[in-house]
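Engineer: What follows is a structure written as structure tokens; I'll ask about it next.
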Amino acid sequence: MVPTWLDVLAWVALLSALTCAAEIVWDIRVRGWRQHMAVMEWVWPITALYAGPLATWAYRAWGRAATHRADDAGGMPEKPFWAAVAVGTTHCGAGCTLGDIAAETVVFLLGLQLAGSALLAEYAGDFLLALLLGVLFQYFAIAPMRGLGLRRGLAVATKADVLSLTAFEVGLFGWMAVMSLALFPDPHLRPASPAYWFLMQVGMCIGFATSYPMNWWLVRRGVKEAM
């Protein structure tokens, strides 16, 4: 059974995250803080789905600086390198987040298992969908910046995203194992519970932390663009 305090905390965290995501969408679409890079108009609110108020802070600190409105106001200070890497990591995390949400839901609704394990089925679905969406997000960032065509752009996006995405999933999958095998071994916590999605928010934040060093290295090597 899920403790009452965890259910309450889960609802607070999830509602806070949804509110933050909606506020960022409103800021971009209605208040007119349109991003230079169109894909970031998706990345910022998706990041808020797991990082909540922290994503809102990062968006206001760095996201608004990369907008046409900021240009009209004379521009904003350039981000330090560590912040540029963090924004690039949110880019990777957005694909992972959407892929994970979709895969977890499908595995749960269809009762899928791999080798008799729902957790392994979640791992497989999460990684495949996250990779597909992550490459697409990366393509729409890199291709316009470098002026690449479809084939070359997808090849470069795949090269840039596979390592960073894998690093993200290492952190998330490790946490999912803790959730399934240690915190809630019997009965397993499932996506029908708000506590499940709150703990997945925690896992995605861990994934961000494990992906950040890889993104740093990829940017330094010129494989990924500084965002």
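Every number here is computed from the coordinates shown, using simple stated rules; none is lab data. These figures come from a predicted structure and were not determined experimentally. Ideal geometry is used to build each Cβ from the backbone, glycine not excepted, and the neighbour counts take in all protein chains shown.
Engineer: Order by neighbour count: PHE81, PHE173, fewest other Cβ atoms within 10 Å first, most last.
Structural biologist: Least crowded to most crowded, the residues run PHE81, PHE173.
Engineer: Quick check: pseudo-label points 7 Å beyond the Cα along Cα→Cβ at VAL202 and LEU183, how many nm apart are they?
Structural biologist: If labels sit at VAL202 and LEU183, their model points lie 0.3 nm apart.
Engineer: Another one. Once amide H atoms are placed 1.01 Å from N in the peptide plane, what residues at a sequence separation of 5 or more from THR67, or on another chain, have their amide H within under 5 Å of its amide H?
Structural biologist: For THR67, the qualifying residues are HIS36.
Engineer: While we're looking at this one, here's another question. Could you list TYR196, TYR59 so that the one with the fewest beta carbons within 10 Å of its beta carbon is first and the one with the most is last?
Structural biologist: With the fewest neighbours first, TYR196, TYR59 line up as TYR196, TYR59.
Engineer: Considering Cα pairs under 8 angstrom that are at least six residues apart, work out the relative contact order of segment 4-220 and quote it in whole percent. Can you show the working numbers first?
Structural biologist: Details: 287 pairs, mean separation 48.7, N = 217.
Over segment 4-220, the number comes to 22 percent.
Engineer: Here is a follow-up. Using all Cα-Cα distances in segment 113-195, what percent lands in each 5 angstrom bin from 0 up to the longest?
Structural biologist: Spelled out per bin, shortest first, that is 3, 13, 19, 18, 14, 11, 9, 7, 5, 1, 0.
Engineer: Using 7 Å Cα-to-Cβ label points, what is the ARG221/VAL8 separation (nm, one decimal)?
Structural biologist: Here the modelled spin labels are 4.8 nm apart.
Engineer: Can I ask one more? Which net charge results when you count Lys and Arg as +1 and Asp and Glu as -1 among the other residues whose beta-carbon is under 14 Å from that of ARG69?
Structural biologist: Values: positive: ARG29, ARG31, ARG34, ARG60, ARG64; negative: ASP27, GLU41, ASP71, ASP72.
It works out to a net charge of +1.
Engineer: Students often check this: by mean Cβ neighbours within 10 Å, which of 135-143, 120-128 ranks highest, and how do the rest follow? Provide the component values of the computation, followed by the final result.
Structural biologist: On the way: 135-143: 21.8, 120-128: 18.3.
The most tightly packed comes first, giving 135-143, 120-128.
Engineer: For all pairs of alpha-carbon atoms in segment 1-112, what percent lies in each bin of width 5 Å, listed from the first bin to the last filled one?
Structural biologist: 2, 11, 18, 20, 18, 12, 8, 5, 3, 1, 0, 0
Engineer: Moving on to the next point. Under a crude label model (7 Å from the Cα following the beta-carbon direction), how far is PHE108 from ALA155 in nanometres?
Structural biologist: If labels sit at PHE108 and ALA155, their model points lie 4.1 nm apart.
Engineer: Here is a further query. Using a Förster radius of 35 Å, what is the FRET efficiency between ALA83 and LEU132 based on their Cβ-Cβ separation? Nearest 0.05, please.
Structural biologist: Efficiency for this residue pair is about 0.80.
Engineer: State the dimensionless ratio Rg/Rh of the chain (Rg: radius of gyration of Cα atoms; Rh: Kirkwood radius). It would help to have the intermediate numbers written out before the result.
Structural biologist: Details: Rg = 17.9 Å, Rh = 18.1 Å.
Across the chain, the Cα-based Rg/Rh ratio is 0.99.
Engineer: Then there's this: Counting only other residues whose beta carbon sits under 14 Å from that of MET179, what net charge do I get with K and R as +1, D and E as -1? Walk me through the numbers before you get to the answer.
Structural biologist: Working: positive: ARG190; negative: ASP100, GLU104, GLU122, ASP126, ASP186.
Cβ neighbours under 14 Å give a net charge of -4.
Engineer: With a sphere of radius 15 Å drawn around the Cβ of TRP44, what net charge do the other residues whose Cβ falls strictly inside it have (Lys, Arg +1; Asp, Glu -1)?
Structural biologist: Details: positive: ARG29, ARG31, ARG34, ARG60, ARG64, ARG69, LYS79; negative: GLU23, ASP27, GLU41.
Cβ neighbours under 15 Å give a net charge of +4.
Engineer: Calculated from DSSP H runs of 4 or more alone, at -39500 (n - 2.57) each and per residue, what is the 222 nm mean residue ellipticity of the chain, nearest 500?
Structural biologist: Theoretical 222 nm ellipticity from helices: -25000 deg cm²/dmol.
Engineer: A further question follows. Once R0 is set to 45 Å, what does the formula 1/(1 + (r/R0)^6) return for the Cβ-Cβ distance between MET1 and ALA124, expressed as a FRET efficiency to the nearest 0.05?
Structural biologist: 0.95
Engineer: A further question follows. Return CYS92, CYS205 ranked ascending by Cβ neighbour count within 10 Å, so the fewest neighbours appear first.
Structural biologist: Ranked by crowding around the Cβ, least crowded first: CYS205, CYS92.
Engineer: Can you list the residues, at least 5 places off or on another chain, whose amide H is less than 5 Å from the amide H of LEU114, using H built in the peptide plane?
Structural biologist: Placed amide hydrogens put LEU120, ALA121 under 5 Å from LEU114.
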